[in-house]
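K.L.:
Structure incoming, see below.
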């Protein structure tokens, strides 16, 4: 299902997850002395959670329409 105006805040979950994951990665990377790895892994994990949340929400909305 493509993003539309009907699914509201769900359209922002993937970028928001990626940004928040990168911020958490920066904070962890500062203490672990591997800042670049923390940003890459944090951004990837944040994007993963944002994508999963997006598809679960869209699936729930599709189920409710039928």
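K.L.:
Is it fair to say residue 8 is at pLDDT below 80, at negative phi and not in a loop (DSSP other than H, G, I, E, B)? Outline the logic, then answer.
P.N.:
Values: at pLDDT below 80: yes; at negative phi: no; not in a loop (DSSP other than H, G, I, E, B): yes.
In short, no.
K.L.:
If the requirement is being touching a residue at least 60 places away in the same chain (Cβ under 8 Å) and part of a helix (DSSP H, G or I), which of these qualifies: 62, 14, 18?
P.N.:
Numbers: 14 fails: touching a residue at least 60 places away in the same chain (Cβ under 8 Å); 18 fails: touching a residue at least 60 places away in the same chain (Cβ under 8 Å).
Result: 62 is the single residue among 62, 14, 18 that is touching a residue at least 60 places away in the same chain (Cβ under 8 Å) and part of a helix (DSSP H, G or I).
The values are calculated or read from the model by the stated rules, or taken from the named source; none is laboratory data. Worth saying up front: this structure is predicted, and the values here are computed from it rather than measured. Using ideal geometry, Cβ is built from the backbone for each residue, glycine included, and neighbour counts are taken over all protein chains shown.
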